[in-house]
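Undergrad: Sharing a structure, written as structure tokens. Questions coming.
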Amino acid sequence: MPVSSEVFRDALRHFPAGVTIVTVKSGEEIHGLTVSAFASVSPEPPLVMVMIDQRHSAFPLLEQEGATFAVNILHQDQVSLSNRFAWLKDEDRFNEGEWGTAATGAPILKSALAWLDCTVYARYQAGTHTIYVGEVQASSVPRPDQPPLIYWNRGYRQLKLKAGR
């Protein structure tokens, strides 16, 4: 018998994760949400994955044919933007930040640590979530010297860098 979701979550909160804003474009509609369930999959072809709860409003958009998404990796000074995309109403999320588009038309955050602009390569249902594998069509690292925003043990954390790094 599997462990309860509470026990499962208690264990996983001890695994640090980077923080991203995943933006979605489906037809003329755009959406964005804060996501820490992100990982690289393959360098050839260049693939990444994000996991989205099937109850989230991004889910039906990503299920549509031709949907695209961008993964905007946040730096440690972007806590308020992360919170904005986690808690505000959909229509208000993009009112802050400098937004543009790249190859797919999905919104990219110009001040992100890095961003990856993706087409949907594959979809896999996994329990309450769907794993979206994206093929990276364009990417950039606007802030290469900024440390990433980290989420660990139910809170945002910052890296303590040694002098000279």
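Every number here is computed from the coordinates shown, using simple stated rules; none is lab data. Fair warning: this is a prediction, and the values are worked out from it, not measured in the lab. Reconstructed Cβ throughout: ideal geometry from the backbone, glycine too, with neighbour counts over all protein chains shown.
Undergrad: Among V79, V7, what is the fewest-to-most ranking by other Cβ atoms within 10 Å?
TA: On the way: V79 15, V7 10.
Sorted ascending by nearby Cβ count, the order is V7, V79.
Undergrad: At a 10 Å Cβ-Cβ cut-off, how would you order T101, T130, T20, fewest neighbours first? Please report the intermediate quantities before stating the final value.
TA: Numbers: T101 16, T130 19, T20 29.
So the residues, fewest neighbours to most, are T101, T130, T20.
Undergrad: Sticking with this structure for a sec: Rounded to the nearest 20 Debye, what is the dipole magnitude of region 5-156 about its Cα centre when Lys and Arg each give +1 and Asp and Glu each give -1 at the C-beta? Show your work: numbers first, answer last.
TA: Values: 11 positive and 17 negative charges, 74 e Å.
Dipole about the Cα centre, nearest 20: 360 debye.
Undergrad: Which of K25, K110, K89 moves most in a GNM of the chain, Cα contacts under 10 Å?
TA: K89
Undergrad: Turning to a different aspect of this structure: Would you indicate which of (i) 20.4, 73; (ii) 20.0, 80; (iii) 15.8, 50 is the value of Rg and Dmax of the Cα atoms in Å derived from the coordinates of this structure?
TA: Computing Rg and Dmax of the Cα atoms in Å and matching it to (i) 20.4, 73; (ii) 20.0, 80; (iii) 15.8, 50 gives (iii).
Undergrad: Right, next: If amide H atoms are built 1.01 Å from N in the plane of the peptide, which residues on other chains or at least 5 residues away come under 5 Å of the amide H of Q54?
TA: Counting only residues 5 or more places away or on other chains, the set is H129, T130.
Undergrad: Further, regarding this structure: Given H placed on each backbone N at 1.01 Å, which residues far from A138 in sequence or on other chains put an amide H within less than 5 Å of it?
TA: Here D117 satisfy the definition.
Undergrad: If you don't mind, there's one more thing I want to ask. Using 13 Å as the cut-off for backbone N distance, which residues of region 46-76 belong to the label zone defined by a point 7 Å from the Cα of E6 along Cα→Cβ?
TA: none
Undergrad: Mind listing the long-range amide H neighbours of T101? Cut-off is under 5 Å, sequence gap 5 or more, other chains count too, H placed in the peptide plane at 1.01 Å from N.
TA: I108
Undergrad: Right, another one. Where in region 63-79 is the amide nitrogen less than 19 Å from a point lying 7 Å along the Cα-to-Cβ axis of V133?
TA: It comes to 63-71, nothing else.
Undergrad: Rounded to the nearest 0.05, what FRET efficiency is calculated for W87 and R13 with R0 set to 22 Å and r the Cβ-Cβ distance?
TA: Values: r = 19 Å, r/R0 = 0.85.
Efficiency for this residue pair is about 0.75.
Undergrad: Quick one: among P45, P107, P142, which has the greatest mean-square fluctuation in a GNM of the chain with alpha-carbon springs under 10 angstrom?
TA: P45
Undergrad: Relative contact order of region 92-152, please, whole-number percent, based on alpha carbon pairs below 8 angstrom and at least 6 residues apart.
TA: Normalised by residue count, the contact order of region 92-152 is 29 percent.
Undergrad: Can I ask one more? Using Stokes-Einstein with the Kirkwood hydrodynamic radius over Cα pairs, what translational diffusion coefficient do you get for region 103-165 at 10 °C and a viscosity of 1.306 mPa s, in µm²/s rounded to a whole number?
TA: Calculated translational D: 109 µm²/s.
Undergrad: Find how much the distance from E96 to Q54 grows on full extension, using 0.36 nm per residue of separation minus their present alpha carbon separation; answer in nm with one decimal.
TA: Using 0.36 nm per residue and subtracting the Cα-Cα distance, I get 12.5 nm.
Undergrad: Here's something else I'd like to know. Over the chain, what is the relative contact order in whole percent, taking alpha-carbon pairs under 8 Å and six or more residues apart? Walk me through the numbers before you get to the answer.
TA: Values: 348 pairs, mean separation 43.5, N = 165.
Relative contact order, the chain: 26 percent.
Undergrad: Please identify the GluC sites (Glu not before Pro) of region 7-85 that satisfy two criteria: DSSP loop assignment and at most 10 other Cβ atoms within 10 Å. Which are they?
TA: E28, E65
Undergrad: Now for a different question. What's the FRET efficiency of E63 with R157 using the Cβ-Cβ distance as r and R₀ = 22 Å, to the nearest 0.05? It would help to have the intermediate numbers written out before the result.
TA: Details: r = 33 Å, r/R0 = 1.51.
Efficiency computed from Cβ-Cβ geometry: 0.10.
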